[in-house]
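What follows is one structure encoded as structure tokens, with my remarks underneath.
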2 protein chains.
Amino acid sequence: MPDNDKILKTLCKRLNHIAIAVPDVRAAAAVYKDAMGAETSEPTPVPNHGVTTVFVSMPGASIELLEPLGENSPIEKFLQKNPRGGIHHLCYEVDDIHAAREILRSKGIAPIGEISDGAHGTPVMFLHPRDFAGVLIELEQTHE
Amino acid sequence: MPDNDKILKTLCKRLNHIAIAVPDVRAAAAVYKDAMGAETSEPTPVPNHGVTTVFVSMPGASIELLEPLGENSPIEKFLQKNPRGGIHHLCYEVDDIHAAREILRSKGIAPIGEISDGAHGTPVMFLHPRDFAGVLIELEQTHE
């Protein structure tokens, strides 16, 4: 299925990270470090996304821990529903975020809001859980 | 940190799959196939785990879609809380599930229940979300 292959490569070059919302990013990072022996980054505030992040390197997967930062954090409601924390979204890498948006539009799928700058300063776009079997999806263009 | 490296390799050789609970596994598989162009397996009933599964091959990640099967499915409560579906657990591969259990026990972490046969007929064990920053974790030994 060459067409499907092309669509898949445009929408997902690879899994970039699994994002986990937690009430306390330092406590969560300590679990991954102490119980699992994983390497964790220093907590980094990302005010324009309303989160503080810690990256955890697991074999075969990168995990992004997210703690609410400031008022109206986009993960606040999720944590009210899941006070202990939980898996919040999946992030797929794309080469060309505008090409990805065009394909999705042709299938009647609109992103949430506009393309914006993500936690790594590269363009990102979010897809609504109602369009992807209950899962919030972030598409991240991995270069400018 | 050679000790931490050894612990990490014992507890997580690599991410095996991301499990997503959904109300209708066929509808969810159609989304991944039609919107994303991904390859999906045929739905497979796994009665001893109370689920019907579909595997989705995404670049860099395998996704397991889970639909409740029979009464008292272990994902029923999760779907009551998340009717549209959601990311249910992460599965890490291990070489030796008993060695993994010993390391976790030495850190005061007990698995949920006993080691049992998983969806692929190999031994699996589940770790409680309260011990892993809100995330249910499955460890799967990938050979007998």
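Of all the numbered requirements in (1) surrounded by fewer than 22 Cβ atoms within 10 Å (Cβ to Cβ); (2) at pLDDT 95 or above, B:D5 misses one, and that requirement is (2).
Picking from residues in the range A:118-144 that are surrounded by fewer than 19 Cβ atoms within 10 Å (Cβ to Cβ) and over 18 Å from A:R105 (Cα atoms), the one that is modelled with the lowest pLDDT is A:E144. Considering only residues in the range A:10-51 that are in contact (Cβ under 8 Å) with a residue 12 or more places away in the chain and out of contact with any strand residue (DSSP E or B) (no Cβ under 8 Å at 6 or more places or on another chain), the one that is farthest from B:K33 (Cα to Cα) turns out to be A:P47.
Of the residues making up the range A:68-86, those that are under 23 Å from B:A21 (Cα atoms) and either surrounded by 13 or more Cβ atoms within 10 Å (Cβ to Cβ) or in contact with a strand residue (DSSP E or B) (Cβ under 6 Å, 6 or more places away or on another chain) (or both) are A:P74, A:I75, A:E76, A:F78, A:L79, A:N82, A:R84, A:G85, A:G86.
The set of residues from the range A:87-115 being within 30 Å of A:P23 (Cβ to Cβ), in contact (Cβ under 8 Å) with a residue 12 or more places away in the chain and not aliphatic (A, V, I, L, M) comprises A:H88, A:H89, A:C91, A:Y92, A:E93, A:P111, A:G113.
Scanning the range A:1-38 for residues that are at the interface with another protein chain (Cβ under 7 Å from one of its Cβ atoms), within 18 Å of A:I97 (Cα to Cα) and within 21 Å of the chain's Cα centre (by Cα) gives A:I7, A:L8, A:L11, A:C12, A:K13, A:R14, A:L15.
Going by the conditions given, is B:V56 within 7 Å of another protein chain (Cβ to nearest Cβ) and surrounded by 14 or more Cβ atoms within 10 Å (Cβ to Cβ)? So B:V56 fails the test.
Test A:A100 against the criterion of being touching a His at 6+ places or on another chain (Cβ under 7 Å) and either modelled with pLDDT of 95 or more or in a loop (DSSP other than H, G, I, E, B) (or both), and give yes or no. The answer is no for A:A100.
The values are calculated or read from the model by the stated rules, or taken from the named source; none is laboratory data. What you see is a predicted model, and the numbers here were worked out from it, not measured in a lab. Don't worry about glycine lacking a Cβ; one is built from the backbone with ideal geometry, like all the others, and counts go over all protein chains shown.
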